[in-house]
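Below is one structure, written out as structure tokens; the observations come after it.
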Amino acid sequence: PYNMEMLGRDALAVLDGLGIQKANWLGLSMGAMEGMWLGANAGNRFDKIILSNTSTYYADKTIWHNRMDAVSKAGSVAAIADMVINAWLTKDFQTAHPDVTARMKEMMIATPVEGYLGSCAAVRDMDHREIIKSIRNPTLIIAGAKDPATNVAAAEFIRDNIAGSKLAIVDAAHIANVEAPEVYTRTVLDFLESK
């Protein structure tokens, strides 16, 4: 199983390998969970941090156990692809953009089983409720108003526990950058370009 520290250290190793001393971090979903770990443990390596469509903790581990069991039994991420796509994108978006929806589903199905199971374990076992209090970087939290996976309340908790952070709510489900790309991108750029 993976854990957020392992993933965070991987990101730092990539930065080191590329010779990048300092960067901005934008993580969506699990990438934002990794970003919380980075902000708390390697904040000096980042200017600004953006935590999008994410949560600090899952009290009920059932969803992760069920996903892992289904994928393990089927030997493929395809076993849960429809369920996950319905959390990632609203029905209206899926109907209006079947090509984008199909591409997202194909990407998910192509995920190696071992990697998916390891990632599920990392999310299942994560608890960032305390460590986020130590993040000192300018931080933007983005939430999808229609996100069933990481709701606005989860984003508000993060905002309330990172001093000086800001919250933006986008009219989208979990993959907000795909469902509302123009608003999402403008929100990100406005934050990165602000003093």
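The values are calculated or read from the model by the stated rules, or taken from the named source; none is laboratory data. From a predicted model like this one, the values you see are computed outputs, not experimental measurements. Here the Cβ positions follow ideal geometry from the backbone for every residue, glycine too, while neighbour counts run over all protein chains shown. Side chains included, ligands, DNA and RNA excluded: accessible areas come from the protein's heavy atoms. Shrake-Rupley method; radii C 1.70, N 1.55, O 1.52, S 1.80 Å.
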request  = Return, for the Cα atoms of segment 71-184, the radius of gyration and Dmax in Å, separated by a comma.
outcome  = 15.9, 45
query = Once the Cβ-Cβ distance between Arg136 and Thr95 is put in as r, and R0 is 45 Å, what FRET efficiency do you end up with, to the nearest 0.05?
reply = 0.55
note = The convex hull of the Cα atoms of segment 1-54, divided by residue count, gives a volume in Å³ per residue of 65
key: Top of Ala78, Ala96, Ala168 by mean-square fluctuation, Gaussian network on the chain, Cα under 10 Å   = Ala96
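Could you calculate the contour length gain from Tyr57 to Ala74, that is, 0.36 nm times the residue separation minus the distance between their Cα atoms, to one decimal place in nm?
Gain in length upon complete extension: 3.4 nm.
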message = Across segment 118-160, what fraction of all alpha-carbon pairs, as a whole percent, falls in each successive 5 Å bin from zero upward?
response = 5, 18, 22, 26, 22, 7, 0
Relative contact order of the chain, pairs being alpha-carbon contacts under 8 Å that are 6 or more residues apart, as % = 26
task = In nm, give the distance between the simple-model label positions of Ala121 and Glu5, each being 7 Å from the Cα along the Cα-to-Cβ direction.
result = 1.5
task = Taking 7 Å along the Cα-to-C-beta vector as the label spot, tell me the Ala87-Ala153 distance in nanometres, rounded to one decimal.
result = 1.6
request  = Express as a percent, rounded to the nearest 5, the fraction of DSSP beta bridges in the chain (both residues included) that run antiparallel.
outcome  = 5
request  = Return one number: the angle in degrees, 0 to 90 and rounded to the nearest 10, between the long axis of the Cα atoms of helix 62-74 and the longest principal axis of the Cα atoms of the chain.
outcome  = 50
message = Pick from Val77, Val100, Val123 the residue whose mean-square fluctuation is largest in a GNM of the chain, springs joining Cα atoms under 10 Å.
response = Val100
task = Would you compute the Debye intensity of the chain from its alpha-carbon atoms alone, equal scatterers and no solvent, and pass along log10 I(q)/I(0) at q = 0.08, 0.09, 0.10, 0.11 Å⁻¹ to two decimals?
result = -0.26, -0.33, -0.41, -0.50
request  = Compute, for Arg103, the solvent-accessible surface of its heavy atoms (probe 1.4 Å) with the complete set of protein chains present, and express it in square angstrom to the nearest 10.
outcome  = 140
ask   = So what is the calculated 222 nm ellipticity per residue for the chain, using -39500 (n - 2.57) for each DSSP H run with n of 4 or more, over all residues, to the nearest 500 deg cm²/dmol?
value = -16500 deg cm²/dmol
note = Out of Glu130, Glu156, Glu114, a Gaussian network model of the chain with alpha-carbon springs under 10 Å gives the largest mean-square fluctuation to Glu130
inquiry  = Probe radius 1.4 Å, ligands and nucleic acids ignored: give me the carbon and sulfur share of the accessible area of the chain as a rounded percent.
reply    = 55
task = Express the C-alpha Rg of segment 1-115 as a ratio against the empirical globular expectation 2.2 N^0.38 Å, rounded to two decimals.
result = 1.23
query = How many nm is it between the label spots at Asp190 and Val14, if each spot is 7 Å from the Cα in line with the beta carbon?
reply = 2.8
